[in-house]
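First up is the structure itself, then whatever we jot down about it.
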Amino acid sequence: MSSAVPLLEGIDPYGIQVLREPASTYGHIREAGPAVYSPEREVWLVGRYDSARRVLRDHREFRSGLGAGYTRVPEHGNNYPLVDSDPPRHTRVRRSVQTEFGREAMERLRPLVRATAVGLVEAAVAAGQIDAVSLFASPLPDLSTRLLTGIEPPDSLRMRVWANAVGQLHGPDLDPSEENLVSQAFDWLSGEGVPALPKHCMGRRVMEDGGMNGALAESERLTTLFSLWLAGVDSSNGLIGNVVNAFAEFPEEWDAVLADPGLIPNAVEEVLRWDSPLRSVYRRTTVDVDIDGVVVPADADVCVLIPPANRDPRRFADPDRLDISRVDAKAHLALGTSIHLCVGAPLARMEAIELLTALARRVRRIERTAPAVRAASQTMSKFESLPVRLVAR
Ligand code: HEM
């Protein structure tokens, strides 16, 4: 075991340039060592696949109870009962909502998500030249989330602004206006959203029954519902935009989809690997830990960088290439792993699969009409605008 500490000096991993063009800095961090200390941010960055996976799977040495984002949360404060908690609380809360995302529940949603995706694709094909963010990436997660939870937000734009603010809270450099937006969303949900819930929906099961097994305490119900409501909107927005961008970038892979639509589920996994929406998740060490030869002290902030781990050449052959037939695409960490594995993953996957299926029926080629603009988000790899032409089949 060596105690040499690889340092990331003079580079802010959250600098604006890094956010717009992260690949080279993320690659540099990954190659600098299994855990690299950033004096700028006082965090340990983990960008190699094996080390990242180990951190995510070892919830005893790397805990979430002090927050899974950049800013620590008070252990017994008003933190999210799923992502910001450890067993045994996490296990209890997770069991109370897990079946909402089970196969049966998802298959009930599928026809509605499918109809939404088909409608969006028809409108886009009719328009020809579109911004894939405003036509696909924004509306599809918005509508799917309504179907999942039963919550009808006052308007779509406000919901997206709230969801974006929730995403930003995961990163550093918090803007007070974003904190205000999150409080506004909470107030709206408890004051108007919950009382207006339809009779049979996830929202009511969480709020009135305490989840499927009745295990949620009264005090946990609103925060649990809140995270199921808004946690997946911005990240799924990222995935949908990244999917369209990937096939504009690699037209030969789109040809492969058209030749065999059976490849679509694996194509979604490959896009999650190649362009992972969530940039990072955090853990706090409970003891001194040796991460593959680098000793990280107890009570340190550890940041798992998902995009470079998913492009680690030690794990994935030719990692910068999009290959929808890649046999081990699903090994990516884009949706986390182990006990905190994304609970909404089945819905996110379904949205992307249904959109690609609808596109494959109607679209021969996806062509760029202007450069895509990446959002300078500290938490999400997603697009601000993605102008493309859909050439009909
Ligand atoms: C492509 C879209 C999505 C991505 C990339 C994503 C990513 C992730 C990741 C990486 C984690 C693990 C966090 C950690 O280990 O600390 C996670 C957890 C979580 N996600 Fe997602 N997610 C997506 C969609 C969704 C959706 C649609 C929902 C809800 C409907 C959702 C709700 C959650 C919740 C509640 C957790 C916490 C689970 C737990 O701690 O047990 N996510 N997500």
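The values are calculated or read from the model by the stated rules, or taken from the named source; none is laboratory data. Quick caveat, the model's predicted, so the values are computed rather than measured. Because the Cβ atoms are built from the backbone with ideal geometry, glycine has one as well, and the counts that use them run over all protein chains shown. We work out accessible area using only protein heavy atoms, side chains counted, and drop any ligands, DNA or RNA first. Shrake-Rupley method; radii C 1.70, N 1.55, O 1.52, S 1.80 Å.
Kirkwood analysis of the Cα pair distances in the stretch 134-218 returns a hydrodynamic radius of 14.1 Å.
Here's the picture: charge each Lys and Arg Cβ at +1 and each Asp and Glu Cβ at -1 in the chain, and of Leu148, Ile16, Gly33 the one pushed furthest to the positive end of that dipole is Leu148.
Per residue, the chain exposes 41 Å² of solvent-accessible protein surface, assessed with a 1.4 angstrom probe and all protein chains in place.
The peptide list 267-279, 245-257, 297-309, put in order of mean Cβ contacts within 10 Å with the highest first, becomes 267-279, 297-309, 245-257.
Taken along its principal axes, the alpha carbon cloud of the chain reaches lengths of 60, 50, 37 Å, longest axis first. Note on the chain: with neighbouring protein chains present and a 1.4 Å probe, carbon and sulfur make up 53 percent of its accessible heavy-atom surface. In the context of the full protein assembly, Lys382 retains an accessible surface of approximately 20 Å², using a probe radius of 1.4 Å and ignoring ligands and nucleic acids.
Among 220-227, 363-370, sorting by the average number of other beta carbon atoms lying within 10 angstrom of each residue, highest first, gives 220-227, 363-370. How many percent of all Cα-Cα pairs in the stretch 8-51 sit more than 14 Å apart? Percent of Cα pairs beyond 14 Å in the stretch 8-51: 44. Applying 1/(1 + (r/R0)^6) with r as the Cβ-Cβ distance of Ala115 and Val295 and R0 = 45 angstrom yields a FRET efficiency of 0.25. Using R0 = 35 Å, the C-beta based FRET efficiency linking Val391 and Ala105 works out to 0.45.
Dipole magnitude for the stretch 19-392: about 800 debye, using +1 per Lys or Arg Cβ and -1 per Asp or Glu Cβ, origin at the Cα centre. Kirkwood analysis of the stretch 309-383, using all unique Cα-Cα pairs, places the hydrodynamic radius at 15.3 Å. The alpha carbon centroids of the stretch 29-52 and the stretch 248-316 are separated by 14 Å. Sorting 29-37, 119-127 by their mean Cβ neighbour count within 10 Å, with the most densely packed peptide first, gives 29-37, 119-127. Between Arg368 and Arg389, the built amide H atoms are under 5 Å apart, and every one of these is 5 or more places off in sequence or on another chain.
Candidate membrane-span-like segments in the chain, meaning DSSP H helices with Cα atoms spread over at least 20 Å of their own axis and a Kyte-Doolittle mean of -0.5 or above, are 103-127, 218-249, 345-362, with no membrane implied. Think of the chain as a dipole: +1 on every Lys or Arg Cβ, -1 on every Asp or Glu Cβ, centred on the Cα centre; then among Ile353, Val166, Thr379, Ile353 lies furthest on the positive end. Accessible surface for Arg20 stands near 90 Å², nearest 10, in the context of the full protein assembly shown (1.4 Å probe).
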